[in-house]
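Data block below; observations after.
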Amino acid sequence: MQHLLNPRLAEELRRVPVVPVLTIDDAKLAVPLAQALMAGGLRILEVTLRTEAALEGIRRIVQEVPGVLVGAGTVRTPDQGHSAIAAGARFLVSPGMTPRLVQSADGWSVPFLPGAATPSEAMALADLGYRALKFFPAEPLGGVAALKALAAPLPDVVFCPTGGIGPDTARDYLALPNVVAVGGSWVAPAAAIAKEDWDTITRLSREATGLAVRI
Ligand code: 3PG
């Protein structure tokens, strides 16, 4: 298991610190979706394991869209982690953490971002060596103000907040020293995916790439 971001992931996030959080209902749409996002500048994609099609979607993106770094999100069980790695996921993300998950993550070959929502959870994960955490669900948990407050007692922990973030708020998160990237579904709305409206998704990706220029 890698507690920290690997160099390629860290480098990509420095370039464009926005990670689209994708829900794929039809594996056939995974490749054009990834291509549309990449055309707008986003090259790190998180495919959530919330649908039957997710693993096949990851597989297809890995095989057919070189240049994209695809990971799996919503990893809740060790089995899901193993399946996602077998499908080609280059990083794993979870909305939280469980003892079973962190134990299993010790054997994973790719970076894992477990989720924390409280100081105690962040401290427990930092104790285990995790210094990069998902902060979820960011907006309901207090958003920018909450992350600002966490930076004082936990200066050695960085976060990737997701949940309720959009183009209007992403920049405020990215201005925080303890935010390494923001994630969200706003760049790939379900309606646009269903309509195969790739132009809209490329435009949203381009806008996200632009707003993410570090302040
Ligand atoms: C996630 O898993 O990170 C969230 O579902 C993304 O949240 P959003 O849909 O509010 O952007």
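The values are calculated or read from the model by the stated rules, or taken from the named source; none is laboratory data. The structure presented is a predicted model; accordingly, all values stated were derived computationally and were not measured. Cβ: placed from backbone, ideal geometry, glycine included. Neighbour counts: every protein chain shown. Side chains are part of the model used for accessible areas, which takes the heavy atoms of the whole protein and leaves out ligands, DNA and RNA. Shrake-Rupley method; radii C 1.70, N 1.55, O 1.52, S 1.80 Å.
Checking every residue in the stretch 189-211 against the condition of being open to solvent by 70 Å² or more (accessible area, probe 1.4 Å), in a helix (DSSP H, G or I), under 30 Å from residue 77 (Cβ atoms) and more than 16 Å from the ligand (Cβ to nearest atom) gives zero matches. Which of the residues that make up the stretch 60-87 are over 17 Å from residue 37 (Cβ atoms) and either assigned to a loop (DSSP other than H, G, I, E, B) or not aliphatic (A, V, I, L, M) (or both)? Hits for the stretch 60-87 are 74, 75, 76, 77, 78, 79, 80, 81, 82, 83.
Considering only the stretch 173-181, I want to know if a residue exists there that is more than 16 Å from the ligand (Cβ to nearest atom), part of a loop (DSSP other than H, G, I, E, B), out of contact with any helix residue (DSSP H, G or I) (no Cβ under 9 Å at 6 or more places or on another chain) and within 27 Å of residue 106 (Cβ to Cβ). There is no residue in the stretch 173-181 that is more than 16 Å from the ligand (Cβ to nearest atom), part of a loop (DSSP other than H, G, I, E, B), out of contact with any helix residue (DSSP H, G or I) (no Cβ under 9 Å at 6 or more places or on another chain) and within 27 Å of residue 106 (Cβ to Cβ). For the stretch 18-31, the criterion of being surrounded by fewer than 17 Cβ atoms within 10 Å (Cβ to Cβ), in contact with a helix residue (DSSP H, G or I) (Cβ under 6 Å, 6 or more places away or on another chain) and at pLDDT 80 or above is satisfied by at least one residue. When 112, 136 are checked against the criterion of being within 14 Å of the ligand (Cβ to nearest atom) and under 18 Å from residue 46 (Cβ atoms), 136 stands alone in meeting it.
Among the residues of the stretch 60-95, those identified as free of Cβ contacts under 8 Å to residues at least 40 places away in the same chain and either on the phi > 0 side of the Ramachandran plot or among the basic types (Lys, Arg) (or both) are 60, 67, 74, 76, 88. Residue 122 meets all of the listed conditions (1) over 19 Å from residue 14 (Cα atoms); (2) open to solvent by less than 10 Å² (accessible area, probe 1.4 Å); (3) in a loop (DSSP other than H, G, I, E, B) but one, namely (3). Within the stretch 60-73, the presence of a residue that is within 15 Å of the ligand (Cβ to nearest atom), modelled with pLDDT of 95 or more and more than 14 Å from residue 89 (Cβ to Cβ) is excluded. When residue 154 is tested against (1) away from the ligand (no atom under 16 Å from the Cβ); (2) in contact with a strand residue (DSSP E or B) (Cβ under 8 Å, 6 or more places away or on another chain), only condition (2) is not met.
The residues of the stretch 172-198 that are in contact (Cβ under 8 Å) with a residue 24 or more places away in the chain and of a type in the set (D, E, K, R), listed by number, are 172, 196.
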